[in-house]
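Chemist: Below is a structure I'd like to ask you about.
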Amino acid sequence: MNTVSRRKMFGLLGGAVAIGAAGITIPSMAGEVEIGRLLPSRVRLPAPFGVRLPVPPVLRPGTHPRYPGADYYEITQRAAHREILPGLRTEIWGYNGIFPGPTIVSTRDRTTVVRQTNALPVPTVTHLHGGHTPPESDGFPTDLVFPQGSPPDIAQRMPRMADMPGMGPDPQARTTIGSRDYVFPMHQRAATLWYHDHRMGFTAPDVWRGLAGFHLIRDREEDALPLPKGDKDIPLMITDRSFAADGSFRYPALDPSLLRTPGVPGEYMAGVLGDVILVNGAPWPVAEVSASRYRFRILNASNARRYRLTLDPPGALTQIGSDGGLLERPVHHERLDIAPAERFDVVIDFGRYRVGQEITVRNELGDGSTAVVLRFRVTHRESDDTAIPERLAGFGPIPAHEATATRDFLFQDSGSAGWTINGLPFDPVRPVATVGLDATEIWRFTTDFHHSVHVHLVQFQVLSRNGRAPEPYDAGWKDTVDLRPAEQAAVIARFTDYPGRYVMHCHNLEHEDMSMMATIAVR
Ligand code: C2O
Ligand code: CU
Ligand code: CU
């Protein structure tokens with residue numbers, strides 16, 4: 001969809017989505033709406049299913065005298081050249097120079113410390129998505145780590161936030177030079193989290209270049225279940241990318257940290273879509289499996305692309321977990337809609353297929369090269385002592401009557417002001433909401449377009465969609481909720497443990513960079 005027709009759509013919607021005295025009016029819209037703009041590759045795309053599915057390496061923890069009892073890791077963010085498309089070299093920016101970055105596995109209630117060193121040419125800030133993290137380690141977008149070796153006055157030399165339209169300087173930014181230790185107490189359930197760059201105004205190009213990795217949390221409750229484990233517990237990071245003729249990643253703007261405005265030109269403001277689907281950094285890979293159950297922790301780490309995953313030949317995707325860990329009970333899906341930053345933890349039982357069979361994971365929202373994602377090949381029989389228990393975990397619904405406040409947030413296109421929340425562009429200083437420590441609140445998100453709404457610090461529960469019951473994809477604890485055009489979702493959360501400032505934002509990364517983010521203060 002081009003900009004003109006997208007504008008028209010907003011023109012139509014503009015009068016209909018409104019917060020008025022009588023509350024929010026939600027217009028109805030039929031059909032699927034485009035989610036961004038395709039940036040075509042300038043190389044011949046390889047045939048799908050020609051490379052093996054890689055699995056990112058798991059980092060081994062060390063110790064550090066400053067953090068007794070903690071698991072200590074060191075990661076260096078650096079540029080590297082990798083063969084992503086066969087025969088071509090692509091410069092990536094990766095954690096330890098790989099994409100996806102290394103996987104970190106933490107244990108519940110045991111502190112994890114990650115020393116992130118910045119050997120890139122631009123400032124970065126790392127966020128643990130889904131983490132229940134104190135503010136100084138949460139990766140607030142202006143808490144920049146300047147490149148190693150930067151001059152001591154680099155913070156003053158950098159483009160001022162004031163130069164970004166609608167944004168003032170941020171006197172509260174905690175900047176450092178070279179590295180930062182991110183400290184995660186990990187007082188949270190076993191879950192599939194991920195870490196990625198969160199640099200103010202440049203998250204989209206930085207993640208596109210490869211700054212994303214998995215961070216899993218384990219706990220005893222989950223370890224005791226007979227679910228598939230070890231090499232049958234596989235994280236799958238799905239991203240779309242485009243490639244230039246020389247094999248480099250294509251993106252609407254080269255990242256110039258010296259640019260004074262965020263790097264996304266207007267016509268890609270709806271979101272950048274690639275035509276190559278990468279799973280764990282490999283194009284349309286193939287995974288050899290035995291005829292048994294496997295657990296896949298599926299993450300949509302794409303900037304803007306949504307997927308509707310199905311198996312061909314058809315089969316069940318049995319969801320056991322969501323963003324915030326195990327569900328109370330498994331949910332069987334024939335298709336899985338997954339928006340940017342969401343995680344679905346699923347079990348696929350290849351025991352239902354015969355040896356030699358190939359099972360393709362399709363994307364019903366894609367076409368051409370983006371209509372397929374990966375393939376499994378069943379290579380042998382194997383005894384399988386795993387099971388999917390009918391009851392996976394305890395789940396305490398947060399009672400709605402405990403909420404002490406209900407807030408409305410309208411996510412919309414505000415024309416020249418960019419993407420806004422309640423009509424406002426991102427302001428790191430002035431919070432859009434100040435929440436009491438330990439408060440329970442209901443937040444209602446209303447949208448004009450597809451937005452994947454993410455809140456830092458908390459895991460929430462979806463209470464309703466458009467005033468009706470939540471949908472099958474809403475089960476369990478979530479930190480990101482996928483909203484379709486002209487939709488409203490109400491979620492409930494408890495804001496516990498860590499007073500400070502955080503953000504909430506759309507996880508379409510072009511929307512986020514173009515200002516669809518807001519500061520929330522917990523006091
Ligand atoms: Cu995954 Cu604020 O981000
Ligand atoms: Cu997050
Ligand atoms: Cu959005």
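The values are calculated or read from the model by the stated rules, or taken from the named source; none is laboratory data. The structure presented is a predicted model; accordingly, all values stated were derived computationally and were not measured. Virtual Cβ from ideal backbone geometry, glycine too; neighbours counted across all protein chains shown. Side chains are part of the model used for accessible areas, which takes the heavy atoms of the whole protein and leaves out ligands, DNA and RNA. Shrake-Rupley method; radii C 1.70, N 1.55, O 1.52, S 1.80 Å.
Chemist: For the range 498-514, how many residues meet the condition of being open to solvent by 10 Å² or more (accessible area, probe 1.4 Å) and either away from ligand 2 (no atom under 16 Å from the Cβ) or among the aliphatic types (A, V, I, L, M) (or both)?
Modeler: Residues meeting the conditions: 2.
Chemist: Still on this structure: When the range 386-439 is examined, which residues are found to be under 25 Å from residue 141 (Cα atoms) and in contact with a helix residue (DSSP H, G or I) (Cβ under 9 Å, 6 or more places away or on another chain)?
Modeler: Taking the range 386-439 first, the residues under 25 Å from residue 141 (Cα atoms) are 407-439.
Once the filter is applied, which keeps residues that are under 25 Å from residue 141 (Cα atoms) and in contact with a helix residue (DSSP H, G or I) (Cβ under 9 Å, 6 or more places away or on another chain), the range 386-439 yields 411, 412, 413, 415, 418, 419, 423, 424, 425, 426, 428.
Chemist: For residues that are assigned to a loop (DSSP other than H, G, I, E, B) and more than 12 Å from ligand 3 (Cβ to nearest atom), scanning just the range 475-486, find the one that is surrounded by the most Cβ atoms within 10 Å (Cβ to Cβ). Can you show your working first?
Modeler: Narrowing the range 475-486 to residues assigned to a loop (DSSP other than H, G, I, E, B): 475-477, 479, 484-486.
Add one more test, that the residue is more than 12 Å from ligand 3 (Cβ to nearest atom), and what stays is 475-477, 479, 486.
Working: 475: 20, 476: 26, 477: 24, 479: 28, 486: 20.
Restricting to residues being assigned to a loop (DSSP other than H, G, I, E, B) and more than 12 Å from ligand 3 (Cβ to nearest atom), the top hit is 479.
Chemist: Okay, moving on. For a quick check of your reading: which strands (runs of 3 or more DSSP E) sit entirely within the range 53-140 and have at least 3 residues that are away from ligand 2 (no atom under 16 Å from the Cβ)?
Modeler: Working: elements: 71-82, 90-95, 101-107, 112-118, 126-129.
So the answer is 71-82, 90-95, 101-107, 112-118.
Chemist: How about the range 186-201: which of its residues are away from ligand 1 (no atom under 13 Å from the Cβ), touching a Gly at 6+ places or on another chain (Cβ under 6 Å) and open to solvent by less than 10 Å² (accessible area, probe 1.4 Å)?
Modeler: 190, 191
Chemist: Then there is this: Only one of 83, 74 is within 26 Å of residue 149 (Cα to Cα) and under 26 Å from the mean Cα position of the chain (by Cα); which? First the steps, then the outcome.
Modeler: On the way: 83 fails: within 26 Å of residue 149 (Cα to Cα).
Every option except 74 fails the conditions.
Chemist: Still on this structure: What do you reckon, is residue 136 within 19 Å of residue 280 (Cα to Cα), surrounded by fewer than 17 Cβ atoms within 10 Å (Cβ to Cβ) and at pLDDT 95 or above?
Modeler: Numbers: within 19 Å of residue 280 (Cα to Cα): no; surrounded by fewer than 17 Cβ atoms within 10 Å (Cβ to Cβ): yes; at pLDDT 95 or above: yes.
Against the criterion (within 19 Å of residue 280 (Cα to Cα), surrounded by fewer than 17 Cβ atoms within 10 Å (Cβ to Cβ) and at pLDDT 95 or above), residue 136 does not qualify.
Chemist: OK, next. Could you pull out the residue among 523, 468, 494 that is free of Cβ contacts under 8 Å to residues at least 12 places away in the same chain, charged (D, E, K, R) and surrounded by fewer than 21 Cβ atoms within 10 Å (Cβ to Cβ)? Working first, answer last.
Modeler: Working: 523 fails: free of Cβ contacts under 8 Å to residues at least 12 places away in the same chain; 494 fails: free of Cβ contacts under 8 Å to residues at least 12 places away in the same chain.
After applying the criteria, what remains is 468.
Chemist: When you check residue 422 against the structure, is it outside the structural domain of residue 321 (by TED's automatic domain parsing) and either open to solvent by less than 20 Å² (accessible area, probe 1.4 Å) or out of contact with any Leu (no Cβ under 8 Å at 6 or more places or on another chain) (or both), yes or no? So that I can check it myself, show each step before the final result.
Modeler: Values: outside the structural domain of residue 321 (by TED's automatic domain parsing): yes; either open to solvent by less than 20 Å² (accessible area, probe 1.4 Å) or out of contact with any Leu (no Cβ under 8 Å at 6 or more places or on another chain) (or both): no.
No, not satisfied.
Chemist: Then there is this: Looking at 82, 44, 78, 60, can you tell me which residue is within 24 Å of residue 369 (Cβ to Cβ) and without any contact (Cβ under 8 Å) to a residue 60 or more places away in the chain? Talk me through it step by step, then tell me what you get.
Modeler: Values: 82 fails: without any contact (Cβ under 8 Å) to a residue 60 or more places away in the chain; 78 fails: within 24 Å of residue 369 (Cβ to Cβ); 60 fails: within 24 Å of residue 369 (Cβ to Cβ).
From the options 82, 44, 78, 60, the qualifying one is 44.
Chemist: Inspect the range 466-474 for any residue being part of a strand (DSSP E or B) and modelled with pLDDT of 95 or more and give the result as yes or no.
Modeler: Yes; the residues of the range 466-474 include at least one that is part of a strand (DSSP E or B) and modelled with pLDDT of 95 or more.
Chemist: Can you name every residue in the range 455-465 that is within 16 Å of ligand 1 (Cβ to nearest atom), assigned to a strand (DSSP E or B) and in contact with a Gly (Cβ under 9 Å, 6 or more places away or on another chain)?
Modeler: Here is the first cut: in the range 455-465, the residues within 16 Å of ligand 1 (Cβ to nearest atom) are 455-460.
The next check asks that each one be assigned to a strand (DSSP E or B); those that pass are 455, 460.
460, the sole residue that qualifies.
Chemist: Let me ask something else. Going by the conditions given, is residue 145 open to solvent by less than 10 Å² (accessible area, probe 1.4 Å) and over 27 Å from residue 343 (Cα atoms)? I'd like the intermediate steps shown before the answer.
Modeler: On the way: open to solvent by less than 10 Å² (accessible area, probe 1.4 Å): yes; over 27 Å from residue 343 (Cα atoms): yes.
For residue 145, the condition - open to solvent by less than 10 Å² (accessible area, probe 1.4 Å) and over 27 Å from residue 343 (Cα atoms) - is met.
Chemist: What's the number of the only condition in (1) crowded, with 18+ Cβ neighbours inside 10 Å; (2) within 24 Å of the chain's Cα centre (by Cα); (3) more than 30 Å from residue 269 (Cβ to Cβ) that residue 334 fails to meet?
Modeler: Here residue 334 clears every test but (1).
Chemist: Here's a check for you: in the range 337-350, which residue that is among the hydrophobic types (A, V, I, L, M, F, W, C) and within 14 Å of the chain's Cα centre (by Cα) is farthest from ligand 1 (Cβ to nearest atom)?
Modeler: 344
Chemist: Okay, next question. What strands (runs of 3 or more DSSP E), lying completely within the range 308-361, carry at least 1 residues that are in contact (Cβ under 8 Å) with a residue 60 or more places away in the chain, within 17 Å of residue 294 (Cα to Cα) and of a type in the set (Asp, Glu)?
Modeler: Numbers: elements: 317-322, 325-333, 335-338, 343-349.
Per the criteria, 343-349.
Chemist: Here's something else I'd like to know. In the range 275-290, is there at least one residue being away from ligand 1 (no atom under 16 Å from the Cβ), farther than 22 Å from residue 52 by Cβ and open to solvent by 10 Å² or more (accessible area, probe 1.4 Å)? Write out each step before concluding.
Modeler: The initial filter retains those residues of the range 275-290 that are away from ligand 1 (no atom under 16 Å from the Cβ), namely 275-290.
Pick out the ones that are also farther than 22 Å from residue 52 by Cβ and you get none.
Scanning the range 275-290 turns up no residue that is away from ligand 1 (no atom under 16 Å from the Cβ), farther than 22 Å from residue 52 by Cβ and open to solvent by 10 Å² or more (accessible area, probe 1.4 Å).
Chemist: Residues in the range 126-135: is at least one among the β-branched types (Val, Ile, Thr), within 16 Å of ligand 1 (Cβ to nearest atom) and in contact with a strand residue (DSSP E or B) (Cβ under 9 Å, 6 or more places away or on another chain)? Can you show your working first?
Modeler: Step one: of the range 126-135, the residues among the β-branched types (Val, Ile, Thr) are 126, 133.
Next, only the ones that are within 16 Å of ligand 1 (Cβ to nearest atom) stay: 126, 133.
Now restrict to residues that are in contact with a strand residue (DSSP E or B) (Cβ under 9 Å, 6 or more places away or on another chain): 126, 133.
Scanning the range 126-135 turns up at least one residue that is among the β-branched types (Val, Ile, Thr), within 16 Å of ligand 1 (Cβ to nearest atom) and in contact with a strand residue (DSSP E or B) (Cβ under 9 Å, 6 or more places away or on another chain).
Chemist: Look through the range 401-433, keep the residues that are among the hydroxyl-bearing types (Ser, Thr, Tyr) and in a loop (DSSP other than H, G, I, E, B), and return whichever of them is farthest from ligand 1 (Cβ to nearest atom).
Modeler: Pass one, the range 401-433, residues among the hydroxyl-bearing types (Ser, Thr, Tyr): 404, 406, 414, 416, 420.
Those still in the list that are in a loop (DSSP other than H, G, I, E, B) too: 404, 414.
Details: 404: 25, 414: 20 Å.
Applying the filter and picking the extreme gives 404.
Chemist: Filter the range 406-419 for residues that are open to solvent by less than 30 Å² (accessible area, probe 1.4 Å) and in contact with a strand residue (DSSP E or B) (Cβ under 7 Å, 6 or more places away or on another chain) and give the result.
Modeler: 409, 410, 411, 413, 419, listed by residue number.
Chemist: Continuing with the same structure: Taking the stated definitions as given, is residue 446 more than 16 Å from ligand 1 (Cβ to nearest atom), in a strand (DSSP E or B), open to solvent by less than 10 Å² (accessible area, probe 1.4 Å) and touching a residue at least 12 places away in the same chain (Cβ under 8 Å)? Reasoning before the result, please.
Modeler: Numbers: more than 16 Å from ligand 1 (Cβ to nearest atom): yes; in a strand (DSSP E or B): yes; open to solvent by less than 10 Å² (accessible area, probe 1.4 Å): yes; touching a residue at least 12 places away in the same chain (Cβ under 8 Å): yes.
Criteria met by residue 446.
Chemist: Is it true that residue 112 is crowded, with 16+ Cβ neighbours inside 10 Å, over 27 Å from residue 275 (Cα atoms) and within 16 Å of ligand 1 (Cβ to nearest atom)? Break it down stepwise before answering.
Modeler: Details: crowded, with 16+ Cβ neighbours inside 10 Å: yes; over 27 Å from residue 275 (Cα atoms): yes; within 16 Å of ligand 1 (Cβ to nearest atom): no.
No, not satisfied.
Chemist: With 200, 164, 158, 186 as the choices, which residue is at pLDDT below 95 and within 16 Å of ligand 2 (Cβ to nearest atom)? It would help to see each step written out before you state the result.
Modeler: Values: 164 fails: within 16 Å of ligand 2 (Cβ to nearest atom); 158 fails: within 16 Å of ligand 2 (Cβ to nearest atom); 186 fails: at pLDDT below 95.
200 is the lone residue from the list that is at pLDDT below 95 and within 16 Å of ligand 2 (Cβ to nearest atom).
Chemist: Does residue 349 satisfy the criteria of being within 16 Å of ligand 2 (Cβ to nearest atom) and outside the structural domain of residue 131 (by TED's automatic domain parsing)?
Modeler: Numbers: within 16 Å of ligand 2 (Cβ to nearest atom): no; outside the structural domain of residue 131 (by TED's automatic domain parsing): yes.
When the stated conditions are applied, residue 349 does not pass them.
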